[in-house]
Amino acid sequence: MSPVAATIDRLRWGPRRVARLGIVLGILAFFFALPPVEARAPVVPLLVGLLGVACGIWAVTRGVGRLGWGAVAVGVLGILLGVLATRSSGTNLHIVVSWGALVASTLVWATPLTFAAIGGMFSERSGVVNIALEGMMLSGAFFGVLGADKFNSWAMGLLVAAVAGGCFALVHAFFAIHLRADQIVGGTAINFLALGVTGYFFIQVYGDVGSPGNLPRIPNVNIPGLKNVTFLGDAFGQLNLMIWLSFVLLIVAYVVMFKTPIGLRIRAVGEHPRAAETVGISVYLIRYASVTLSGMLAALGGAYLAVGFVGSFNENMTAGRGFIALAALIFGNWRPFGAFAAALLFGASTALSFRLATYSDSAAVLFQALPYVLTLIAVAGVIGRSVPPASVGRPYSKQ
Amino acid sequence: MSEPVEAPPGDSAPSAVERLAARHRAGGIVTPLITAMIAFFMGGLVVLATGHNPFRTYKAVWDGTGLNWFFKFGHYHIDLPFTQHRVFFWWDTNANALAPYNLTQTLLLTTTLILTGLAVSFAFRCGLFNIGGQGQYITGAIVAVWVGSSWAGMAKGLHVFLAILLACLAGAALAAVAGLLKATVGAHEVITTIMLNWIAYWIGSYAFGRGGPLQNKVDIAVPISGDVVRSGKLPTFWGNPELQALHVGFFIALAALVVFWVILNRTTLGYQVRAVGFNSEAARYGGINVARNYVYAMAISGVFAGLGGAMDILGWQYRLGVLDIQVSNIGFIGIAVALLGRNTAVGVGLAALLFGALVNGTSTRGLDPSVFPPELAGNLTLMIQALVLLFVGADVLVLAIWGSRKKIGLGRRTAPPAPEGAAT
């Protein structure tokens with residue numbers, strides 16, 4: 001028995017733990033090549049990464065296939081990226097990787113996704129597929145701008161956005177629940193409807209001029225003491241109010257969904273509506289409420305994008321973010337924290353793709369496909385299996 | 001009351017595919033017609049509510065489609081041999097007028113919509129909802145422009161053929177990924193095709209974007225592909241090729257309709273695909289390899305969509321820019337075409353003509369801006385399309401509006417999953 005194996009044996013680490021260590025080592029391999037550690041010798045990421053790969057292989061030979069191969073993949077990826085990073089010029093590296101700004105930017109891009117994904121969770125957990133998140137976000141973006149402009153208050157903007165998103169969701173709910181139309185056809189229709197309605201009224205109201213430049217924006221939250229702290233100041237010192245609200249929403253959504261009777265009812269309706277009906281839960285009521293709530297939350301995500309972040313509206317400005325939110329929901333296995341983690345991952349990939357333009361415009365563009373590729377891999381069951389609620393997409397008819 | 005053997009949780013109402021099958025039995029062109037009428041009526045309400053005249057607007061849209069070229073009775077000159085006589089004819093034969101130009105544009109859109117519509121329809125007949133027509137279309141277009149703009153020295157027929165073939169295969173490959181995932185791990189095809197759409201979108205944006213591998217070599221500031229070379233272009237037969245003339249792809253699309261019908265109704269593959277679409281469990285019991293049919297059906301769908309992309313590129317666009325990819329939604333309109341056309345060859349053809357006319361009639365090019373602003377009209381098209389999709393899925397409501405559910409046979413479906421009463 002080699003000394004290394006003997007050491008591992010003495011630690012009493014199972015292969016799963018070693019595989020996880022391998023994954024961490026793979027990430028570290030890349031991390032060491034970045035600021036603030038910024039090892040310039042390619043041998044550093046190579047060695048750390050190889051160690052990770054070794055851990056992975058060791059785990060694979062002990063029968064932990066999926067996690068072990070994951071460690072091998074992460075290790076190889078860590079070596080590649082790490083060596084690439086050591087090859088790049090130091091200044092470029094500092095432009096791309098400034099952790100504080102990167103975290104802040106990740107949160108900015110993740111927040112609309114979080115709102116929409118949590119909204120989607122309510123809808124899908126109650127058994128109604130919501131691929132109309134995109135359209136509801138878009139409606140929130142436009143009506144948020146409209147409300148903020150007309151009432152000259154961002155809070156009214158958010159309110160109008162939520163009402164508009166709720167209305168679109170009600171249409172979806174009516175067709176999906178009462179008329180028992182196919183939910184995917186209906187969702188596609190809502191997406192187009194939102195695209196048409198927002199585009200139509202945008203031109204009708206604002207013409208060629210576009211939305212006004214002096215739109216009241218959702219304020220940033222300045223935390224006074226944090227401003228000059230090195231990493232935390234850049235990351236959390238000046239986040240938008242909506243970003244903090246998304247954290248609150250996350251916790252509330254988790255508690256409501258998994259710790260309260262309401263959440264239990266929603267999940268029951270999504271898993272087995274007949275059983276839920278039998279014990280006196282109104283399937284229709286729960287589904288209507290959930291779908292409407294999902295529309296309101298998705299619209300708030302869109303409103304953050306338009307009123308909070310960009311400060312204006314343009315046609316089809318969500319540009320597929322609703323679908324990324326849907327992807328985050330699936331990737332996160334229909335759970336709030338999972339969806340949030342996926343939203344952060346996808347937000348980070350967007351934030352990075354803007355910064356990667358320092359190296360190559362075209363590669364940065366290609367990077368934006370990452371969330372979709374990851375989701376495809378996730379639904380293929382390579383990284384754990386994502387299992388939807390049992391009755392999602394099935395219309396329910398009362399007896 | 002005969003319950004199905006394996007009742008899904010909640011004894012769900014019929015899926016879209018089952019409903020579709022029911023509507024096939026119900027027969028008639030009534031539902032799609034009413035659906036379209038409701039959509040146009042509600043679109044008219046929006047136009048009215050925002051202070052425009054819906055009748056004048058729709059008239060202007062109609063004029064913009066070029067279909068007004070027919071129905072203009074009068075004495076027109078037609079080139080009868082050896083004479084200069086004017087003959088009474090039922091349409092204006094003066095090819096320099098605006099109407100025939102608009103008509104060629106409508107037919108160009110119809111060509112592509114037939115193909116993207118078939119892409120959705122074919123999968124639908126196998127019980128799959130291929131929402132990825134857009135991605136498959138873009139993939140076909142990317143490959144077509146790549147092949148078409150390289151190998152300048154190739155013989156004309158061969159070059160076009162190769163470009164079309166590879167575009168079809170590319171579309172098929174993309175769609176087959178979704179089919180394979182469905183067949184092997186049961187991943188829902190709607191999710192996978194949505195993801196594949198965006199992957200195709202970003203690959204296209206990358207390929208033709210600044211510094212991308214397929215960007216043109218002439219002006220590197222412009223994110224657009226190189227031009228399709230002469231030998232790669234489809235022959236045109238109507239109109240001025242400088243102004244987007246109608247190309248032979250129109251006939252290819254018509255042929256595709258026939259091929260669609262033949263595959264589905266006259267081949268073993270089509271029989272199996274339809275069997276899986278009607279009831280996959282029964283098909284499996286009957287010895288049909290359901291998984292394989294999923295893959296085949298998606299791949300054939302992808303062939304249609306990829307062919308659509310090739311037709312646009314080789315027929316009139318001749319180049320593909322990042323912006324083209326980002327604003328294109330012809331693959332999505334294909335969903336409305338397929339559903340309105342009830343996934344039949346004839347229906348898809350007619351629905352494609354309707355939507356082609358609508359899109360062109362409301363475009364900046366087609367619509368008279370003094371009557372109705374085309375920027376609004378483009379969005380009106382989206383709304384009408386959305387309403388068609390909404391109501392085509394809600395046959396219960398549509399048929400209730402028609403008020404004769406029993407008469408056309410849906411009333412008989414009171415057995416297992418009964419849609420009791422419309423809009424209860």
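The values are calculated or read from the model by the stated rules, or taken from the named source; none is laboratory data. Predicted model only: the values in this text are computed from it and were never measured. Reconstructed Cβ throughout: ideal geometry from the backbone, glycine too, with neighbour counts over all protein chains shown.
Before moving on, here are some points about what is shown:
- Per-region count, the stretch B:179-195, residues at the interface with another protein chain (Cβ under 7 Å from one of its Cβ atoms) and touching a residue at least 12 places away in the same chain (Cβ under 8 Å): 3
- Note on the stretch B:161-177: residues that are under 15 Å from residue B:299 (Cα atoms) and either β-branched (Val, Ile, Thr) or touching a Leu at 6+ places or on another chain (Cβ under 6 Å) (or both) total 3.
- Any hit, the stretch A:326-334, residues being more than 21 Å from residue B:187 (Cβ to Cβ), more than 11 Å from chain B (Cβ to nearest Cβ) and touching a residue at least 24 places away in the same chain (Cβ under 8 Å): no
- Number of the exception - residue A:33 against (1) under 26 Å from the mean Cα position of the chain (by Cα); (2) within 24 Å of residue A:102 (Cα to Cα): (1)
- Any chance residue A:39 is crowded, with 20+ Cβ neighbours inside 10 Å and either at pLDDT below 85 or hydrophobic (A, V, I, L, M, F, W, C) (or both): no
- Any chance residue A:118 is crowded, with 19+ Cβ neighbours inside 10 Å, of a type in the set (A, V, I, L, M) and not assigned by TED's automatic domain parsing to the domain that holds residue A:202: no
- Flag: residue A:355 does not match the condition of being under 25 Å from residue A:184 (Cβ atoms) and out of contact with any strand residue (DSSP E or B) (no Cβ under 9 Å at 6 or more places or on another chain).
- Scanning the stretch A:222-256 for residues being surrounded by fewer than 16 Cβ atoms within 10 Å (Cβ to Cβ) and outside any helix (DSSP H, G or I) gives a total of 6.
- When the stretch B:349-399 is filtered for residues that are modelled with pLDDT under 80 and within 18 Å of the chain's Cα centre (by Cα), only B:393 remains.
- Only listed residue being more than 14 Å from chain B (Cβ to nearest Cβ) and among the aliphatic types (A, V, I, L, M), chosen from A:209, A:221: A:221
- Within the stretch A:51-153, helices (runs of 4 or more DSSP H) holding 2 or more residues that are modelled with pLDDT of 85 or more: A:65-87, A:99-125, A:133-151
- Looking across the stretch B:33-68, the residues that are under 23 Å from residue B:338 (Cβ atoms) and either outside any helix (DSSP H, G or I) or touching a residue at least 12 places away in the same chain (Cβ under 8 Å) (or both) come down to B:34, B:35, B:36, B:38, B:39, B:40, B:42, B:43, B:61, B:65, B:67.
- Residue within the stretch A:295-310 that is within 11 Å of chain B (Cβ to nearest Cβ) and surrounded by 24 or more Cβ atoms within 10 Å (Cβ to Cβ) present: no
- When the stretch B:344-391 is filtered for residues that are within 13 Å of chain A (Cβ to nearest Cβ), among the small types (Gly, Ala, Ser) and either surrounded by fewer than 24 Cβ atoms within 10 Å (Cβ to Cβ) or touching a helix residue (DSSP H, G or I) at 6+ places or on another chain (Cβ under 6 Å) (or both), the ones remaining, listed by number, are B:378, B:386.
- Any hit, the stretch B:200-223, residues being more than 10 Å from chain A (Cβ to nearest Cβ), buried (at least 24 other Cβ atoms within 10 Å of the Cβ) and in a helix (DSSP H, G or I): no
- Residues of the stretch A:258-280 that are crowded, with 17+ Cβ neighbours inside 10 Å and assigned to a helix (DSSP H, G or I): A:263, A:265, A:266, A:267, A:268, A:269, A:270, A:271, A:273, A:274, A:276, A:277.
Let's see how each residue does on (1) touching a Phe, Trp or Tyr at 6+ places or on another chain (Cβ under 6 Å); (2) away from chain B (no Cβ under 13 Å); (3) more than 30 Å from residue A:156 (Cβ to Cβ):
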site: A:248; (1), (2), (3): no, yes, no
site: A:254; (1), (2), (3): no, yes, no
site: A:259; (1), (2), (3): no, yes, yes
site: A:267; (1), (2), (3): no, no, yes
site: A:272; (1), (2), (3): no, no, yes
site: A:280; (1), (2), (3): no, yes, yes
site: A:285; (1), (2), (3): no, yes, no
site: A:289; (1), (2), (3): no, yes, no
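- Restricting attention to the stretch B:127-153, the residues that are among the β-branched types (Val, Ile, Thr) and either more than 14 Å from every other protein chain (Cβ to nearest Cβ) or within 13 Å of the chain's Cα centre (by Cα) (or both) total 4.
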